[in-house]
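To start, the structure under review is shown below, and the notes come after it.
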Amino acid sequence: MNFSHRLVRPMLAVLCTGCMALALPASAQTDHYPSKPITYVVPFAAGGTTDLLGRLIGQKLSQTLGQSVVVENRAGAGGNIGSDYVAKAPADGYTLLGGTISSHSINVSLYPKMPYDPIKNFQPITLIGTLPNVLVVNASSPWKSVQDVIAAAKAKPGTVNFGSSGNGTSQHLAAELFANMAGLRMTHVPYKGSSQAVQALLGSQVDLVFENSVAAMPMIQSGKFRALATTGAKRAAELPDVPTMAESGLNGYEIVSWQAIFAPAGTPKPIVDKLSTEIGKIIRQPEVRAKLASMGVEPSGAGPAELAAFQKSEVAKWANLIKVANIHLE
């Protein structure tokens, strides 16, 4: 009996030590996170809304965490290429994604085949904010209002073309919804990002763009673009004299884009919580909020649970709209 106790006690000690060892990695992983540079993937080209926000948040996050946050652009397929890359990346907190309304709510209903599931393959981190799109034309365009565009498109069906930052983006869907509600037939010219679409409009290679306010504002303020309407339910604070699409004759028209940060599904909760907390603090910084406001972004900072619920509602909303409006890719 004594012999058995002498054996059992050391065995229990070893088992307890083993259990403690199993419990250590999660906390140790968080305590030492990050211990190397973080990659922040932007699934669109440099210079666009998602890229600008990624660099702003990335720079601040780098200062907060004491590790470099490297922004990497992986553009194409309306955000699907970069998003798929992150979906398949190790779930260790070292690969983050600048997800958008298109990559994480619209595309799943628009593309016949998706390389990833926007909900199952990702862990929501933080909602950066929301922003309206702006219908803009080149300053040299004869069109001064939404009704001018409608008249021109109806006079010569199919000849009016519009640029976007890619198939399935909010810019694309905003124009398709406009065409559907106004009974128009326009030609879509997709690009790999907002900056290319903006440059195409600047060079008069396309007639109009429903661009995010972030990318459009510099061109509007410099007088190179003329803003005809915004896509939100109310006028944009930075463009108080520009009517909404609803005010311009399309009653019920409303599209508001959003930007968020995601990680691969399975990322440890302590790391998710740490990232969400730190990014939330960054978004609440007065200078960051002022910068976002100047870009037309309504700051949010919503955490994982709230972002997850919001994303699910958005997926359902756009699935219904795409079906009702009969919007599809060519």
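The values are calculated or read from the model by the stated rules, or taken from the named source; none is laboratory data. Bear in mind that the values here come from a model prediction, so they are computed numbers and not experimental data. Positions of Cβ are generated from backbone atoms using ideal geometry, with glycine treated the same way; all protein chains shown enter the neighbour counts. Accessible surface areas use protein heavy atoms only, side chains included; no ligands, DNA or RNA. Shrake-Rupley method; radii C 1.70, N 1.55, O 1.52, S 1.80 Å.
Table for the structure above
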read-out	value
Residue-wise HN-Hα coupling along the stretch 94-108, computed from phi with Karplus coefficients 6.51, -1.76, 1.60 (Hz; x: Gly, Pro)	9, 9, 10, 10, x, x, 9, 4, 7, 5, 10, 8, 7, 4, 4
Surface accessible to a 1.4 Å probe, TYR111 within the full protein complex, Å²	40
Packing-based order for 119-126, 197-204, using average beta carbon neighbours within 10 Å, highest first	119-126, 197-204
Given [x] 20.5, 78; [y] 23.4, 100; [z] 22.2, 70, the label whose value is Rg and Dmax of the Cα atoms in Å derived from this model	[y]
Nearest 10 degrees, 0 to 90: helix 269-284 Cα axis against the chain principal axis	40
Farthest positive-ward along the stretch 177-330 dipole, Cα basis, beta-carbon charges - from SER195, PRO264, TYR253	PRO264
Computed lengthening from ALA155 to MET181, 0.36 nm per intervening residue step minus Cα-Cα distance	7.7 nm
Radius of gyration, Dmax [the stretch 108-203; alpha carbons; angstrom]	15.8, 48
Three-way shape call for the stretch 178-272 based on the alpha-carbon gyration tensor, with the a/c threshold at 1.5	prolate
Per-residue SASA entry for TRP143, accessible area with 1.4 Å probe, Å² rounded to 10	40
ASP117-ALA293 pseudo-label distance in nm [points 7 Å out on the Cα-to-Cβ vector]	4.1
Solvent-accessible area of GLU247 with every protein chain in place, 1.4 Å probe, in Å² to the nearest 10	110
Under 5 Å, built H, 5+ apart or other chain: amide partners of SER164	VAL189, TYR191
